[in-house]
Structures are given as C-alpha cells and as structure tokens.
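The values are calculated or read from the model by the stated rules, or taken from the named source; none is laboratory data. Note that the structure is predicted; figures quoted are calculated from it, not measured. Cβ: placed from backbone, ideal geometry, glycine included. Neighbour counts: every protein chain shown. Ligands, DNA and RNA are excluded from the accessible area calculation, which covers all protein heavy atoms including side chains. Shrake-Rupley method; radii C 1.70, N 1.55, O 1.52, S 1.80 Å.
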Amino acid sequence: MAWVGCLCCFTSCQKVIKSQAALYQWVHNDNHGLIKKKTVGQVRLSMKYLPPELLVSKELRGQYTNRKMVDSLLAQYKTGRTFLLNLTLSGEGDKASVQDILYKDAHSYGAYKQRVMEMNFNMAQYIRLKAGDKVMKPVIANMENTYSLTKGRNIYLVFAGDEASQQALKKAKKLDITFTDQLFETGIHHFVFDTNDLDNIPQVSYLHK
C-alpha cells in the first residue's frame, strides 16, 4: 500500500548519529538551537546545551560495551540539564593583544587573583535558570582550567534538584538562563532555550553497539 511505502521512506530518512564526532557536529550546528551566542564589546559569550548522550560519550571515552553502564549513566544525566558557558575574548579592539580573558582589565595581581577565585568557586551566585514558575541555581558550576592556553574559559553548569525541579526542567517549554556578569561588567544576559530543541536529539546508535 502507498502509505506503507511512505512510512518506510519517512523512517529511513530519520537521522541516526553513528559516532561521537557526528554528535558533536550536531550539537554545534546553530540551526539545531543548542547554542546561544552574544558579543558585548571585547567579550564573546555562549551558552551550549550538553545532551546526556554527549556527556556519556565523554565519560566513557569509547568504551560502550557495557550496556548496563551506558543506560545507567544516561538515566542519571537525564534527571537534570547540563550547559556549558563560554567566556572568551573577541580578539578585537585595543585589548586584542590580551590572550587570556582572565587578564582583561585586571590592573593588579590582586584583581586577577580575585577573578580567578570567583570563577573557580563562586560562579553559581551569578547564574539562575527559570523553568516555568521554578527558579533555580546550578548545583554544579565548575570552571575548566586551561592554564591560559586559550583566550576563553568554560564553565560547566548542572541544574538538577528535587522531583519538582526535575519535572520543571523537563516540562517547561522554555528554559531561560540568566547570567549576571559582574566579572567583566558586560551586563545581564538571558540565554533562552526551547526544550523541544534540547530533546530533539536524533537516535545515537553508537552508544549501544
């Protein structure tokens, strides 16, 4: 029957992600809505959603033979939402010679040290997520140490909590992450995500070989 043929064609056309590289490419495609970007002066900001499948891939590093472990990690990561905030220099303007954003406008070692301490231990106070009528702060806000090898810094943000918070993270149509930037004084930023985009990850076949 014609409709059966159409159904088969539709099913075969559904994207299947067969490698970690392909998943990484999917996440970084701006058309898929998993990354929001802004530039203020010399500072570029981006907020990226890290789907559970990508988190499991990074944790297991190609060791996917243990199906029980894969499923357990996926279930664990799906109880919350994980994002990556990146702050980097745009490479433009009078401060283009500065290679590490931590040094931007830090006019003394004391100011630099204070900024490092804030970004290492106190980032959670600058960030909130609104899901429906729920407002929550990250339970984890860790800065990745790059030892000044790159211009920017990554802050891993994990939002989770009690059952009500978990349900809000899953069911809200929009997730609005607010970053109040008192570190580089770029203002208050809203990164708004459509949860349909966050959950619209194609089938990731390589996790279950």
Checklist entry - (1) crowded, with 17+ Cβ neighbours inside 10 Å; (2) at pLDDT below 95: which one isn't true of residue 112, the others all being true? => result (1)
Checklist entry - Can we say residue 144 is among the charged types (D, E, K, R), more than 16 Å from residue 80 (Cα to Cα) and open to solvent by 10 Å² or more (accessible area, probe 1.4 Å)? => result yes
Checklist entry - Looking at region 177-190, which of its residues are open to solvent by 40 Å² or more (accessible area, probe 1.4 Å) and either of a type in the set (A, V, I, L, M, F, W, C) or part of a strand (DSSP E or B) (or both)? => result 180, 188, 190
Next on the checklist: Anything in region 5-38 that is modelled with pLDDT of 90 or more, part of a helix (DSSP H, G or I) and small (Gly, Ala, Ser)? List them, or say none.
Outcome noted: 21, 22
Checklist outcome for this item: Restricted to region 191-205 and to residues being of a type outside the set (A, V, I, L, M) and either within 15 Å of residue 74 (Cα to Cα) or open to solvent by 90 Å² or more (accessible area, probe 1.4 Å) (or both), the residue nearest to the chain's Cα centre (by Cα) is 199
Checklist entry - residue 2 versus (1) under 30 Å from residue 163 (Cβ atoms); (2) at pLDDT below 90: which is the lone unmet condition? => result (1)
Item to check | From 64, 49, residue being over 23 Å from residue 120 (Cα atoms) and either buried (at least 16 other Cβ atoms within 10 Å of the Cβ) or modelled with pLDDT under 95 (or both) | outcome: 64
Next on the checklist: Please verify whether residue 141 is farther than 22 Å from residue 31 by Cα and part of a helix (DSSP H, G or I), treating the condition exactly as stated.
Outcome noted: no
